[in-house]
Amino acid sequence: MTMKHAYNSFSQWLRRQYGTRVQKISINYPFSCPNRDGTKSNIGCIYCNNSSFLPEYTLNNLSITQQLTEGIRYFSKKYPTQLYIAYFQNYTNTYAATDKLFEIYKEACSHEKVVGLAIATRPDCINENIINILAEINKTKKVFVEIGIESTFNETLKLINRCHTFEDVEHAVKLLKKYNLWITGHLIFGLPYENIDSVIIHAKKLSTLQLTCLKLHQLQILKDTLLHKYYISDAIKVTPLSVDEYIHWIITFLEHLSPDIYIERFTSESPKDQVIAPNWNQIKNYHIAEIIRKKMNELNTYQGKNFLKE
Ligand code: SF4
């Protein structure tokens, strides 16, 4: 009997699809965010500190092409044959005029080693015009749209000042599916007042949505964020998860999740000097993934084990 895979791995999908290792490469473009520029709010999500996910090569005002060239030079020392996905990660990367967006995305796709484009955005910053552009690019380079979901509970979304609802997520996913685009959802575990029962409900709601892929992250309290202030003052009760608790939550979540959804990541890796809590000693995503896989095999469990059982 062949052993079931613990979970449906996105990196293995990439390898099957492109026949080699594929690396995401972060591109920094000065987009803004409606949750910071006053359109929705001017304070942002309470945990947001965008500088925590900018690699060094994106910080020198380089053009998109220069950032890609620098990034590819850096990574190809170790993996000369690998391919790349240009990744617009920080802020809201569909928040600009559609002509401008097309120009930006086309430049990122023009590098011969770039096989795809990943675009992180908010569910309320997706509309039919933008999707038309993405669908056009998707004809030649694979487009991965990453939507910040964070929680499936509107009370939590309000508390963390996301300034969108879960219904906005449902609407964005419906539009993207109409054009057959890849949809990756982003979810945070450990948000205030959520617990292991919350993650089971997340799994059920997200399975119904039929996302293509998911990125899971632990809540991190980063320096100089509103969450940091609340954490110090106890204005909002935040209990950072230990690695063991987090792994338990992840496994439970995966058991209730549709086996068709790919899993791309399990952790955030912010710079050490910016993380107030939890202190996980800079554990890497691949290490957590290994622990999860091993533990799930020991427990003889797998993604989707409890899917549709209740
Ligand atoms: S939507 Fe993203 S960029 Fe905007 S405030 Fe929230 S975390 Fe920050």
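Across segment 251-300, the qualifying residues are those that are free of Cβ contacts under 8 Å to residues at least 12 places away in the same chain and within 30 Å of Lys229 (Cα to Cα), and the one among them that is surrounded by the most Cβ atoms within 10 Å (Cβ to Cβ) is Asn279.
Can we say Asn129 is at pLDDT below 95 and touching a helix residue (DSSP H, G or I) at 6+ places or on another chain (Cβ under 7 Å)? No: the conditions fail for Asn129. If you go through segment 180-211 and keep only what is of a type in the set (A, V, I, L, M, F, W, C) and assigned to a strand (DSSP E or B), you end up with Trp182, Ile183, Leu187, Ile188, Phe189.
Within segment 35-78, the residues that satisfy the criterion of being at pLDDT 90 or above, more than 16 Å from the ligand (Cβ to nearest atom), outside any helix (DSSP H, G or I) and touching an Asp or Glu at 6+ places or on another chain (Cβ under 9 Å) are Leu62, Ser63. All of (1) in contact with a Ser or Thr (Cβ under 8 Å, 6 or more places away or on another chain); (2) at pLDDT 95 or above; (3) over 16 Å from His248 (Cβ atoms) hold for Gln210 with one exception: (2). Among the residues examined, Lys177 qualifies as under 19 Å from the mean Cα position of the chain (by Cα), part of a helix (DSSP H, G or I), more than 16 Å from the ligand (Cβ to nearest atom) and surrounded by fewer than 16 Cβ atoms within 10 Å (Cβ to Cβ). Can you name the residue in segment 89-123 that is out of contact with any helix residue (DSSP H, G or I) (no Cβ under 8 Å at 6 or more places or on another chain), away from the ligand (no atom under 16 Å from the Cβ) and not in a helix (DSSP H, G or I) and is also nearest to Arg162 (Cα to Cα) among such residues? Result: Ala97. Number of residues in segment 137-174 that are part of a helix (DSSP H, G or I), crowded, with 21+ Cβ neighbours inside 10 Å and within 14 Å of the ligand (Cβ to nearest atom): the value is 3. You will find that of Thr225, Thr212, the residue that is within 18 Å of Leu191 (Cβ to Cβ) and surrounded by fewer than 22 Cβ atoms within 10 Å (Cβ to Cβ) is Thr225 and no other.
The values are calculated or read from the model by the stated rules, or taken from the named source; none is laboratory data. This structure is a prediction, so every number in the text was calculated from the model and none was measured. All Cβ positions, glycine included, derive from the backbone under ideal geometry; neighbour counts span all protein chains shown.
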